[in-house]
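Worksheet for the structure shown next.
Derivation of every value follows stated rules applied to the coordinates shown; laboratory data play no part. Please read all numbers here as calculations on a predicted model, not as lab measurements. Cβ atoms come from the backbone with ideal geometry, glycine included; neighbour counts cover every protein chain shown.
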Amino acid sequence: MSQNILTPRYVSKTKRRVILMTENLQKWDVIIIGGGIAGLTASVILSKANKKVLILEKAKQIGGRATTIEKAGGLLNLGPHAIYPNGPGVKILEELNIKLNGGSPVSKGTLLYENKTYPLTLSPVALLTSKLLKWKEKREFIKLVSGLNKINTKFIQNISLYDWVEAHIIEEKVKKLFYMLCRLSSYCNDPKRSSAGIIIEQVKLGLTGVRYLDGGWQTLVDQLKQQALSHGVTIKENHHIIELLGTHPNITLIDSLDVTFTTEHVISTSTPANTLSMIKSEQMSSTLKQYRDLCIPVKGAFWDIVLKKTTNLNVKFALGLDEPLYYSNQSAVANLVTEPNLHIIHLGKYLSTDEKLDPKKNHKQLKNFLSVIEPDWEKEVVFQRFLPSLTVCNAMPSTNMPKINTEISEIPGLYVAGDWVTTNGLLADASITSAKAAADAILEEASSLTYTG
């Protein structure tokens with residue numbers, strides 16, 4: 001049983017001040033900073049192993065970028081979301097008995113190039129009839145796609161995607177097609193910075209198919225939350241952690257209201273910059289400094305729309321070839337409406353880190369893109385939301401990105417997890433696999449101490 005008392009505590013040596021704060025006397029085995037997919041996944045794994053776990057979430061509700069809102073009868077994720085059924089993250093979620101019901105988009109779509117539409121397919125037979133490509137371009141693209149699985153990506157991790165493409169692809173239009181696939185799979189639009197090995201591996205995974213979740217990604221959040229609560233995890237929202245003191249087995253966390261929490265281990269699922277800001281100068285981590293300096297966020301401009309009807313039922317999915325644009329009617333294959341006959345449309349522009357942010361220009365570009373697909377879309381809008389600069393991933397898979405481990409060696413007891421922790425995979429796969437890696441490391445440490453004792 002825990003209770004609250006008022007007790008003086010030194011916040012840090014650098015501040016040299018004493019304040020009164022409310023301190024929870026209960027000491028936790030693990031405190032997880034952040035209640036997104038990574039934090040929830042780690043909490044379930046740890047609580048199933050009988051660890052006392054507390055999740056501290058700074059927002060009003062858990063879920064992070066995986067939350068789904070209901071607007072005008074439509075269920076809207078934060079931009080287009082898809083999960084990779086053959087990715088490492090799904091295997092972990094299935095082990096936790098998480099159901100991932102939904103639908104997969106058809107392999108056929110629409111491609112826009114120079115304001116004209118063309119059928120989009122990766123089928124070699126269908127490509128032979130494409131009016132977009134000349135014969136030599138068709139031959140090179142078919143050879144490229146069919147040979148991807150033969151590429152050993154471990155040897156091209158430090159080569160940029162741009163350099164790899166220039167060395168292996170001759171035809172300019174085939175280069176554009178391949179870059180389009182890379183953007184689609186990774187959300188990354190920086191070929192000169194991104195790693196050829198990491199991006200190509202993600203393209204391989206993407207070509208095996210994706211799934212849109214019924215009810216949006218909130219269903220994933222809700223299932224993980226229910227699992228966590230059923231195994232005794234405590235979740236506290238509206239707690240923004242600003243300081244981390246001490247090391248294992250005595251770590252103190254202090255939030256923005258000067259409430260303190262004590263624990264043996266911490267898993268931070270925040271960004272490397274935010275995690276580093278919690279640690280004061282005497283404990284500064286060179287590892288976290290390196291991660292902060294090298295992590296470049298991947299961002300996109302996204303436009304989410306609820307339509308009463310769609311005038312072009314034939315187009316469920318479209319991509320820009322000469323523009324980094326995306327269109328998907330996800331409600332065509334997944335249950336994303338609470339009222340009948342509505343359509344949930346997601347459009348996006350993959351932003352480059354060198355690109356000066358211009359929300360009006362980007363929104364207009366997306367409107368023009370939609371007008372080619374749905375000429376009368378404005379008459380059918382029930383609700384729309386434009387997100388001019390949404391962080392898709394906290395770390396671009398760049399050529400100079402080190403292998404990021406979950407354990408921060410300079411601060412015993414501190415672990416990290418999230419989409420920037422490159423234990424295995426990208427995007428949600430990285431969040432889920434790093435969460436499991438952090439949880440497993442804590443459990444392994446506890447097991448070794450028990451054995452030694």
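Only bridges with both residues in the chain count here: give the DSSP antiparallel percent, nearest 5. The answer is about 75 percent antiparallel. Taken one residue at a time, the phi angles of segment 437-447 give Karplus couplings (6.51, -1.76, 1.60, θ = phi - 60°) of 4, 5, 4, 5, 5, 5, 5, 5, 4, 4, 5 Hz. Gly and Pro are set to x. Put +1 on the Cβ of each Lys and Arg and -1 on the Cβ of each Asp and Glu in the chain; which of Thr67, Val53, Leu370 then has its Cα farthest toward the positive end of the dipole? The Cα lying farthest towards the positive end belongs to Leu370. So which of Lys236/Lys289; Lys299/Lys367; Lys150/Lys176; Lys403/Lys436 end up more than 23 Å apart by C-alpha? Flagged as over cut-off: Lys236/Lys289. Of the labelled figures (1) 45, 28, 18; (2) 35, 31, 20; (3) 42, 25, 20, only one reflects semi-axes √(5λ) of the Cα gyration tensor in Å as derived from the coordinates, namely (3).
Sorted on the mean count of surrounding Cβ atoms within 10 Å across their residues, most packed first, peptides 110-121, 188-199 read 188-199, 110-121. Taking 27 Å as the limit for the C-alpha separation, the pairs Lys71/Lys360; Lys154/Lys349; Lys134/Lys361 exceed it in the case of Lys154/Lys349; Lys134/Lys361.
Dividing the mean sequence gap of close Cα pairs (under 8 Å, 6+ apart) by how many residues the chain holds gives a relative contact order of 23 percent. In a simple Cβ point-charge model (Lys, Arg +1; Asp, Glu -1; nothing else charged), segment 99-258 has a dipole of about 1140 debye relative to its Cα centre.
Residues whose amide H lies under 5 Å from that of Gly102, counting only those 5 or more places away or on a different chain, are Asp214; hydrogens are built 1.01 Å from N in the peptide plane.
Whole-Hz Karplus values for segment 407-415 come out as 8, 8, 5, 6, 10, x, x, 9, 10 Hz, taken residue by residue from phi with 6.51 cos²θ - 1.76 cosθ + 1.60 and θ = phi - 60°; glycine and proline positions read x. Placing +1 on each Lys and Arg Cβ and -1 on each Asp and Glu Cβ, with no other charges, gives the chain a dipole about its Cα centre of roughly 780 debye. Phi angles across segment 209-224 convert, under the Karplus curve 6.51 cos²θ - 1.76 cosθ + 1.60 with θ = phi - 60°, into 3J(HN,Hα) values of x, 10, 9, 8, 8, 4, x, x, 6, 4, 5, 5, 4, 5, 5, 5 Hz, Gly and Pro given as x.
Centroid-to-centroid, using Cα positions, segment 55-115 and segment 324-392 are 16 Å apart. Under 5 Å between amide hydrogens, built in the peptide plane, is the criterion, and for Ile242 it picks out Ile254, Asp255, Ser256 among residues at least 5 positions away or on other chains. Mind checking the angle between helix 37-48 and the chain's longest principal axis? C-alpha axes, 0 to 90 degrees, to the nearest 10. Helix 37-48 sits roughly 50 degrees off the main axis of the chain. Helix 196-206 and the longest principal axis of the Cα set of the chain meet at an angle near 80°. Amide hydrogen proximity for Lys192: with H placed 1.01 Å from N in the peptide plane, the residues at 5 or more positions away or on another chain lying under 5 Å are Tyr162.
Answer rounded, prolate or oblate for segment 123-206, using the Cα gyration tensor with square roots of eigenvalues a ≥ b ≥ c: rounded when a/c is under 1.5, else prolate when a/b is larger than b/c, else oblate. Verdict is prolate for segment 123-206. Pairing the Cα long axis of helix 359-373 with the longest principal axis of the chain, what angle in degrees results, from 0 to 90 and rounded to the nearest 10? Taking the Cα atoms of the chain, the angle to 359-373 is about 40 degrees. Dipole magnitude for segment 123-206: computed about the Cα centre from +1 point charges on Lys and Arg Cβ and -1 point charges on Asp and Glu Cβ, it is near 260 debye. Considering only Leu336, Tyr350, Ser431, the residue lying farthest towards the positive end of the dipole of segment 307-435 is Leu336, judged by Cα position with unit charges set on Cβ.
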